[in-house]
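Step one of this worksheet: look at the structure below.
The values are calculated or read from the model by the stated rules, or taken from the named source; none is laboratory data. Nothing here was measured: the structure is a model prediction, and the numbers come from that model. Positions of Cβ are backbone-derived with ideal geometry, glycine not excepted, and every protein chain shown enters the neighbour counts.
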Amino acid sequence: MKDIKLLEEKLGYNFKNINLLRQAVTHSSYESSIHGNYERLEFLGDRVLGVAIASLLYKIFPNEPEGSLSQRHTGLVCKETVAEVARRLDLDKYIICVGNEIHENENVLCDVCEAVIGAIFIDSHCERAVEFVNEHWRDLIDKNMAPPKDSKTLLQEVAHVKGYGFPIYQTEDRTGTEHEPTFVMSVTIEGFGKALGSGKNKKIAEQDAAKKMLIQLENKQDE
């Protein structure tokens, strides 16, 4: 196990309570107690990240409508982006768990990164946690200054060009608790097929389904 103090240096934040950082990188496979693993901190950090990114986007793009800001926000808080930040911070090297494969799991990397944000929030204050997010997400925003097209918009455009029917979205399943639900949404294109996506709310799940349908369409084109 790597020295947790080295991770502090990498994060650029000195914890008053170093046990919070240790908890933030501890997976439930190693510690089942809810007060010993990162799950509660991840719950908090996820919300702090969302607010921090929303505030940052609001300031950087004063003339963009809500729709564009929402698309940017979705891309910056999605699993893939948060996991990317986790790797940059070398969080994968500090995860305390049972089984080496967990270190490379994208869901875990995302959760640990959010848990670290939650730990900073508890250890210091909201402003410092927001500063941390600004420090490590700002360059991702700078790389993508043009208003993005979300997967649903792209899918609608591609389906129209290819002469397929209009994409139809439906709820397939809902699991988890009332406060931590997971939605499964499907998108169907008449004359082509169906794809499933999942997420913490219906909008995210629809975007995931659209993204997977775009991949299917691309693969079809390559055949």
With (1) in contact with a Leu (Cβ under 8 Å, 6 or more places away or on another chain); (2) in the same structural domain as residue 26 (by TED's automatic domain parsing); (3) in contact (Cβ under 8 Å) with a residue 40 or more places away in the chain as the list, and residue 82 as the residue in question, which single condition is left unmet?
(3)
List, please: which pairs have Cβ atoms under 6 Å, are six or more places apart or on different chains, and start with a residue in the range 23-41 that is over 14 Å from residue 105 (Cβ atoms) and end with one that is of a type in the set (D, E, K, R) and in a loop (DSSP other than H, G, I, E, B)?
37/31
Out of (1) surrounded by fewer than 14 Cβ atoms within 10 Å (Cβ to Cβ); (2) over 25 Å from residue 16 (Cβ atoms), the odd one out for residue 164 is which?
(1)
Considering each residue of the range 59-80, count those that are modelled with pLDDT of 85 or more, assigned to a helix (DSSP H, G or I), loosely packed, with under 13 Cβ neighbours inside 10 Å and of a type outside the set (Lys, Arg), and give that number.
1
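Can you name the residue in the range 32-49 that is in a helix (DSSP H, G or I) and not charged (D, E, K, R) and, of all such residues, is nearest to residue 20 (Cα to Cα)?
Out of the qualifying residues, it is 41.
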Lone qualifier among 170, 156 - being part of a helix (DSSP H, G or I) and free of Cβ contacts under 8 Å to residues at least 24 places away in the same chain
156
Checked pairs for the range 175-198, first closer than 20 Å to residue 163 by Cα, second among the acidic types (Asp, Glu) and outside any strand (DSSP E or B), C-beta under 8 Å and 6 or more apart or across chains, list as 187/206
